[in-house]
1. Phe186 - would you say it is of a type in the set (Phe, Trp, Tyr) and surrounded by 15 or more Cβ atoms within 10 Å (Cβ to Cβ)?
2. Scan the range 53-70 and tell me whether some residue there is at pLDDT 85 or above and charged (D, E, K, R).
3. Is there a residue in the range 71-78 that is over 17 Å from the mean Cα position of the chain (by Cα) and not basic (Lys, Arg)?
4. For the structure I just gave you, tell me whether Val138 is in contact with a Pro (Cβ under 8 Å, 6 or more places away or on another chain) and not small (Gly, Ala, Ser).
5. Is there any pair with a first residue in the range 119-132 that is in a helix (DSSP H, G or I) and a second that is modelled with pLDDT of 75 or more and not polar (S, T, N, Q) whose Cβ atoms are under 8 Å apart and which are 6 or more apart or on different chains, and what are they?
6. Being touching a Ser or Thr at 6+ places or on another chain (Cβ under 7 Å), crowded, with 17+ Cβ neighbours inside 10 Å, part of a loop (DSSP other than H, G, I, E, B) and in contact (Cβ under 8 Å) with a residue 40 or more places away in the chain is true for just one of Asp79, Asp73. Which residue is that?
7. Starting from residues that are surrounded by fewer than 15 Cβ atoms within 10 Å (Cβ to Cβ) and more than 24 Å from Leu8 (Cα to Cα), keep the ones in the range 82-120 and report whichever is nearest to the chain's Cα centre (by Cα).
8. Is the range 185-195 home to any residue that is part of a strand (DSSP E or B) and outside the structural domain of Val61 (by TED's automatic domain parsing)?
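The values are calculated or read from the model by the stated rules, or taken from the named source; none is laboratory data. Only a predicted model underlies this, so the values are computations on that prediction, with no experimental measurement involved. Cβ: placed from backbone, ideal geometry, glycine included. Neighbour counts: every protein chain shown.
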Amino acid sequence: MMKPMQQLHLFYRGSSMLGTFRPGDRLRIEKLAFNRVRKGDVVVFGGPGKEEDEFVVHRVVGKGMAGPVTRGDNNPKMDEEPVTEEIFAGKVTHYERAGRIHGVWNDRLGMLRARALHGRLQVIKALKLLLRMPYRMVKKTGIVARLWRPEIEMIYFETQDGPLVKYVHKGRTVASCWTDGNRWWFRRPYNFVIGPKLKNK
C-alpha cells in the first residue's frame with residue numbers, strides 16, 4: 001500500500017514488493033496510456049474499498065479479459081482482481097533510496113526479476129517444510145533453553161481485548177500473550193526459551 005507525497009511520486013510501504021522495493025523508497029510514477037502497459041511492468045493502481053489517496057504497487061504478470069493480472073514480487077499468489085483502466089494510475093520507472101536514483105526493471109527484464117523472486121519464495125517454502133520436523137525435535141529437547149538464557153523483561157498491559165503480556169529483549173518485543181485466551185505469538189527463536197519456561201505456567 002502506498003500514500004502519495006505529490007503528483008507522480010509515492011512513498012512505498014508494506015511487504016508485497018520486498019526484494020524490489022523497501023519501505024520508505026520514493027517511487028517515480030510515469031503516467032502512460034493504459035494500452036501501453038506490458039507484462040513485467042510495475043504498475044500503480046487503486047482498488048475497491050481503498051481511500052482516494054491510497055494505491056497498490058504490483059507487477060503485471062499476465063493479461064486477462066478485463067485487464068492486466070498483477071502480483072507482488074514478494075507474494076505467492078496473483079491478485080484476485082485484474083487492473084482496469086478506471087483504477088490504473090501509472091507505471092513505476094525509478095525509485096530513490098538513500099539519496100540515490102535507481103531504475104526499475106520493467107517489461108521482459110521485469111518478468112525475469114519477478115520469476116527469480118518467486119523462485120526464491122518457493123525455495124524458502126520448501127526449506128520450511130524440510131526443517132519443520134528437526135525444529136520441533138530440537139524444541140522438545142529443551143537444550144536451547146539450557147544453553148541460551150537471554151534477559152527478557154515482562155510488561156503487562158490492560159487492553160480492550162483483555163490482559164496482554166509482552167516479552168521484551170534488548171528493546172524489541174519477542175513474544176506476547178493474551179492471557180484470557182492463552183493466545184501466544186513468538187519471534188523465532190525466542191519460542192525455544194520463552195515457551196518451555198512460561199507457556200505452561
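1. So Phe186 passes the test.
2. yes
3. No, the range 71-78 contains no residue that is over 17 Å from the mean Cα position of the chain (by Cα) and not basic (Lys, Arg).
4. No; evaluated as a whole, the condition is false for this residue.
5. Arg120/Gly19; Leu121/Pro76; Lys125/Pro76
6. Among Asp79, Asp73, only Asp73 is touching a Ser or Thr at 6+ places or on another chain (Cβ under 7 Å), crowded, with 17+ Cβ neighbours inside 10 Å, part of a loop (DSSP other than H, G, I, E, B) and in contact (Cβ under 8 Å) with a residue 40 or more places away in the chain.
7. Restricting to residues being surrounded by fewer than 15 Cβ atoms within 10 Å (Cβ to Cβ) and more than 24 Å from Leu8 (Cα to Cα), the top hit is Arg120.
8. For the range 185-195, residues part of a strand (DSSP E or B) and outside the structural domain of Val61 (by TED's automatic domain parsing): present.
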